[in-house]
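Let me begin by presenting the structure, written as structure tokens, before commenting on it.
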Amino acid sequence: MRAAVPADMAVRTRQGFHSTKEDLQTWNRILFERGWAAPHWPKEYGGTGWTPLQIYIFEEECAAADAPFLSYFGLRLLGPLIYTFGTDEQKSALLPPILSGETFWCQGFSEPAAGSDLASVKTTAVRDGNEWVINGQKIWTTEAHYADRMFCLARTDSTVPPQKGGLSMFMFDMNTPGISVRPIITIDEGHSVNEVFLEDVRIPADAVLGRAGDGWTQAKFLLSHERVSNAQVPRSKRDLELLKQIAAQERVGEQRVIDLPEVRLRIAELEIDLYGLEWSVLRELFNGHGAKSQPIASGLKILGSEIQQRLSTLLTDIIGPKGVVLYDERESGVGGLPGNAPDYVVGSTARQLFLRAASIYAGANEIQRTIIAKQVFSLSS
């Protein structure tokens, strides 16, 4: 694995840059040629047939080699939705180009007034003969600026609640007339998220995933899988390893930072919590490739996002003001840094800032705690 990851790509991954489409396509192609692009898919659809533990080890090795995450939305989210809920025609037409990396997808869920509360989605899809007409706005749409297609949650029946058939999932090309994308530059000065405007977007009648009215069931299925993945234990383990290496190189006077009692304590606490989280994730994986319990999925997401934030904050504290160095994502600091600074300083502060969103995306942690309170402890709001 380490030999397969291009060196410049590994540097960009370590420095926390938002992956370019070129990097994602290159790495997807490398893994696809080995049959490893979607090890978590069933073998009949192009997966590997590996056990949950084998898949987890594979993901650990990808993280250890500083490989970028493959484009998340097709392989991790939509692919399982299609082979679980899609028609035979949708499976045969849509799964192969996701697997090969030929088609990149984005996820049209969050809206200005509907983030973690997807029941409040306002985007509408109205049937007009052999077409659906979609109107609305999506926000925080990751990778929409280079996605080929979108899977989009929309309200198809305003007379019933989402849980009773009011929502449906649609799939369509991003170059369809009526779609416009506006970039959102985040606090780290990176571009990964966007606003998407949908104005009288006409798509074929068969663009609905599975059956119309099943959108709420499909969204719940997707989010439970997403929140297990968002624990991101393999990546956090790699980040912790790199943090220890950096702390051993950085100095305060003549003393290594890693020898400072406060730093040693914070590293130890992170390591204990991270390995506890890892065992929780492994239990869920052996429980059937994902969390069967929504509260457990919520708990894993909460802990995983908080550990990511703690790791990035500790790294920022260790590196100090040098960490404000930031280069264009394509340059990634290769070719020399001011004062011969090591390449690990690049982007460390920007990553810490961006990861403040980790406790918001994929369902805000406050919402996840409410789910746990209601479903485990029967507490009302």
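Observations
- Residues located in the stretch 112-141, provided they are at pLDDT 95 or above and within 21 Å of the chain's Cα centre (by Cα): GLN137, LYS138, ILE139, THR141
- When LEU99 is tested against (1) over 15 Å from LEU222 (Cα atoms); (2) at pLDDT 95 or above; (3) in contact with an Asp or Glu (Cβ under 9 Å, 6 or more places away or on another chain); (4) hydrophobic (A, V, I, L, M, F, W, C), exactly one condition is not met: (3).
Every residue, every condition in (1) under 21 Å from the mean Cα position of the chain (by Cα); (2) crowded, with 16+ Cβ neighbours inside 10 Å; (3) on the phi > 0 side of the Ramachandran plot; (4) at pLDDT below 95, yes or no:
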position	(1), (2), (3), (4)
GLU226	yes, yes, no, yes
ASP239	yes, yes, no, no
VAL252	no, no, no, yes
LYS301	yes, yes, no, yes
ILE307	yes, yes, no, no
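- Within this structure, GLU102 passes the test of being within 19 Å of PRO39 (Cβ to Cβ) and part of a loop (DSSP other than H, G, I, E, B).
- Number of positions in the stretch 115-137 that are surrounded by 15 or more Cβ atoms within 10 Å (Cβ to Cβ) and of a type in the set (Lys, Arg): 0
- If the condition is being open to solvent by 50 Å² or more (accessible area, probe 1.4 Å), of a type in the set (Ser, Thr, Tyr) and either touching a residue at least 40 places away in the same chain (Cβ under 8 Å) or closer than 26 Å to GLN309 by Cβ (or both), then the stretch 1-55 contributes only TYR45.
- Residue match in the stretch 58-79 (condition: farther than 30 Å from PRO162 by Cβ, in contact with a His (Cβ under 6 Å, 6 or more places away or on another chain) and either in contact (Cβ under 8 Å) with a residue 12 or more places away in the chain or of a type in the set (Lys, Arg) (or both)): no
- Counted as qualifying within the stretch 144-221 are the strands (runs of 3 or more DSSP E) with 1 or more residues that are surrounded by fewer than 17 Cβ atoms within 10 Å (Cβ to Cβ) and in contact with a Leu (Cβ under 9 Å, 6 or more places away or on another chain), namely 179-185.
The values are calculated or read from the model by the stated rules, or taken from the named source; none is laboratory data. Predicted model only: the values in this text are computed from it and were never measured. A quick note on method: Cβ atoms are made from the backbone with ideal geometry, for glycine too, and the neighbour counts reach across all protein chains shown. The accessibility values were calculated without ligands, DNA or RNA, using every heavy atom of the protein model including side chains. Shrake-Rupley method; radii C 1.70, N 1.55, O 1.52, S 1.80 Å.
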